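Participant: Handing you a structure now.
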Amino acid sequence: MNKKVIALLLCTLLCFAMASSFVLIAEAVDHHCPGHDCHICLELKASLSLLNSMFLVVIAAFSVAAIAGPAHLLLKNRLVTGRGNTLVSLKVQLTI
C-alpha cells in the first residue's frame, strides 16, 4: 500500500476514535450511577484517558515539529554540502 493511503487510514481511525469518545462522554455525562461497579463510569474513564493521551501525543508532535523544522531549514545546506552557499557554489557570474 501507498504510504499516503496508510496515513489517511490512520488519521481517519484516529478521528473516529476521538469523535466516538466525545459522543460517549456527551451522552453519558449525566447518567445515574448505581455505585462501585458502574460500567458507564468505567467507559467514561477509558474515553477520557484516550482523549488525554491523544492530546499529549499531539502536543509532543507539535513540539518536535516546532523545534526540528526550523533547525532543519537552518542546517540543510551545511549538512548536505559541508559548507554554506558561496557565489561559486551558486554559479554566480560577476560582471564588471
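The values are calculated or read from the model by the stated rules, or taken from the named source; none is laboratory data. Computed from a predicted structure; not experimentally measured. Counting neighbours? That spans all protein chains shown, and the Cβs are built from the backbone with ideal geometry, glycine included.
Participant: Would you mind stating whether VAL5 is assigned to a helix (DSSP H, G or I), surrounded by 10 or more Cβ atoms within 10 Å (Cβ to Cβ), of a type in the set (Val, Ile, Thr) and modelled with pLDDT of 85 or more?
Facilitator: On the way: assigned to a helix (DSSP H, G or I): yes; surrounded by 10 or more Cβ atoms within 10 Å (Cβ to Cβ): no; of a type in the set (Val, Ile, Thr): yes; modelled with pLDDT of 85 or more: yes.
For VAL5, the condition - assigned to a helix (DSSP H, G or I), surrounded by 10 or more Cβ atoms within 10 Å (Cβ to Cβ), of a type in the set (Val, Ile, Thr) and modelled with pLDDT of 85 or more - is not met.
Participant: Which condition number does GLY35 fail, the rest of (1) surrounded by fewer than 10 Cβ atoms within 10 Å (Cβ to Cβ); (2) in contact (Cβ under 8 Å) with a residue 24 or more places away in the chain; (3) among the small types (Gly, Ala, Ser) being met?
Facilitator: (2)
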